[in-house]
1. I need the strands (runs of 3 or more DSSP E) fully contained in the stretch 75-168, keeping only those with at least 1 residues that are open to solvent by 10 Å² or more (accessible area, probe 1.4 Å).
2. How do the pairs read when you match residues in the stretch 337-354 that are modelled with pLDDT of 85 or more with residues anywhere that are part of a helix (DSSP H, G or I) and among the basic types (Lys, Arg), using Cβ under 7 Å and keeping only pairs 6 or more apart or on different chains?
3. How about the stretch 169-187: which of its residues are at pLDDT 95 or above, outside any strand (DSSP E or B) and surrounded by 24 or more Cβ atoms within 10 Å (Cβ to Cβ)?
4. Would you confirm, using the coordinates I've provided, whether Thr402 is more than 19 Å from the chain's Cα centre (by Cα), of a type in the set (Val, Ile, Thr) and not in a strand (DSSP E or B)?
5. Can you find a residue that is touching a helix residue (DSSP H, G or I) at 6+ places or on another chain (Cβ under 6 Å), open to solvent by 10 Å² or more (accessible area, probe 1.4 Å) and of a type in the set (Lys, Arg) anywhere in the stretch 189-209?
6. Give the residue that is surrounded by the fewest Cβ atoms within 10 Å (Cβ to Cβ), with candidates limited to residues of the stretch 267-290 that are of a type in the set (Gly, Ala, Ser), in contact with a helix residue (DSSP H, G or I) (Cβ under 8 Å, 6 or more places away or on another chain) and at pLDDT 95 or above.
Amino acid sequence: MSISRTRGITAAGMAGVAALALLLAGCAGSNSGSPSASASATESGALAAVKACGSGEDSSSVFALGSFLPLSGSLSYLVPPAVAGVGAALSDINAAGGVNGKPACLSSQDSSDGDHKDVGDANIKSLVQSKVSAVVGPESSTVTLNILPVTQAAGIPVFSPAATSDALSGQKHFFRDAAPNSAEGDALAKQILSDVPSAKVAILVFNDAYGIDLRNTLDASLKAGGGTVTYGGKGMNQEFSSTESSFGTIVGNALATKPDVVAVIAFAQSETIWQELASSGFKMSDTYYVDGNLADYSTSKNAGSDPDMTGAKGTLQGSDPAVIKDKLEAWYMKNVGKSLDGTYSYGAESYDATVILALAAELAGSNDPAAIEAQIRPVTGSTNGTECKSFKECKDLIAGGTKDIHYTGPSGIGQINDAGDPSTAYIGIYQADKLNLGKKLLTTVQATIG
């Protein structure tokens, strides 16, 4: 079923058929060229300042939330909005009296990225050993798939604000409030074909679970809509390594197919790719991007050599961040001492993931992982409960005897379905201005996920 501005898209109808972060999902490459590459120590310290779990503070006594976000590696430059979301939510939760009569606490660990599996593996084991009530994160699909066997064996619910791989749907003890890749890939294809009917498209994609997943839906939806994939399509075997650093030949091969449009599905490598595209004379307004690279690159160390990206477009899961940006900005400025510089991607999803888990514990009257998991879907409206828009409002309903609640937070998702996905979610279409790929929100489209 096609996507439109007034109607959603169903997963069954999609051809072929998801910092904190500015945008994320898979994981790849080096962070050497990414803006604000060293986020880790600052963000980790800010989270700890909210209320770090001390000795003896675990799921047996308090709501002990585990944070598992990319504080290092190729996605660290994407983490600020996610950190702001988790931090702001915990601040609101504790200002409202905490969870089950005690202040919520946080244990923060670095998820790193898919190229540093050893870091993520060690740190997720540390969270499990600390007996957290639930985990917020990771942002990477690859990292999520890596760590789920550990958290599943422990029976700890994992709630990701940004992992978008279709392979995560239905995973045991896993939930998310970001739309899966099938929704984003279809939305991107529809935007490309709206701009350039019957477009010939070259896809530059890295060989990562996130990249391949998103590319496959983009490929199928382009072809279903009358477009042609000239390079990098499914089955063409033209993906590049997640650690690739030299793109002259790759870009040259793609442009040799004479595309009208180039779609780039990558993370930190994207900056090097578009430098090569520009030096080859390709028009940057004819390039398209995805949630993994829809960032503001004006502070990158390579900004001086970057081309003007004005007019380029991209897709990003989530509703209009305006509904929560002031809250995220205020928390980040207070606790980190600097601005988010207009980047709020996945901040709303991180905020809501934290609130949903805390409300599930409150509704369960327990901080135990199994008890919390049983209430995650009811909190998001699966029992058609009374709507409430904040942790405090929902908590007051529960305290007053209302057991059927429906938290409607800033991410704007529908209830979590029995596959752990949001039943509805938004995809934003953004347009670049100079070096900020996510400068202007053009529109949002609502996807109905099967």
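1. Result: 105-110.
2. From residues that are modelled with pLDDT of 85 or more, the pairs are Tyr344/Lys325.
3. Of everything in the stretch 169-187, just one residue is at pLDDT 95 or above, outside any strand (DSSP E or B) and surrounded by 24 or more Cβ atoms within 10 Å (Cβ to Cβ), namely Asp177.
4. Taking the combined requirement at face value, the residue satisfies it.
5. Among the residues of the stretch 189-209, not one is touching a helix residue (DSSP H, G or I) at 6+ places or on another chain (Cβ under 6 Å), open to solvent by 10 Å² or more (accessible area, probe 1.4 Å) and of a type in the set (Lys, Arg), which makes the answer no.
6. Within the stretch 267-290, the first condition is being of a type in the set (Gly, Ala, Ser), and the residues that meet it are 268, 270, 278-281, 285.
Restricting the remaining residues to those that are in contact with a helix residue (DSSP H, G or I) (Cβ under 8 Å, 6 or more places away or on another chain) gives 268, 278, 280.
Now narrow it down to the ones that are at pLDDT 95 or above: 278, 280.
Numbers: Ala278: 18, Ser280: 12.
Here the answer is Ser280.
Yes or no, residue by residue, for (1) open to solvent by 40 Å² or more (accessible area, probe 1.4 Å); (2) assigned to a helix (DSSP H, G or I):
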position: Val355; (1), (2): no, yes
position: Glu362; (1), (2): no, yes
position: Lys392; (1), (2): yes, yes
position: Gly409; (1), (2): no, no
position: Gly420; (1), (2): no, no
position: Ile427; (1), (2): no, no
position: Ala447; (1), (2): no, no
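Listed here are the residues, each with its yes/no results for (1) modelled with pLDDT of 95 or more; (2) more than 28 Å from Glu329 (Cα to Cα); (3) of a type in the set (Val, Ile, Thr).
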{"site": "Glu373", "(1), (2), (3)": "yes, yes, no"}
{"site": "Pro378", "(1), (2), (3)": "yes, yes, no"}
{"site": "Leu397", "(1), (2), (3)": "yes, yes, no"}
{"site": "Gly428", "(1), (2), (3)": "no, no, no"}
{"site": "Gly450", "(1), (2), (3)": "no, yes, no"}
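The values are calculated or read from the model by the stated rules, or taken from the named source; none is laboratory data. Small disclaimer: the values here were computed from a predicted structure and weren't measured. Glycine also receives a Cβ, built like all others from the backbone with ideal geometry; neighbour counts cover every protein chain displayed. Accessible surface is based on the protein model in full, side chains and every heavy atom, while ligands, DNA and RNA are left aside. Shrake-Rupley method; radii C 1.70, N 1.55, O 1.52, S 1.80 Å.
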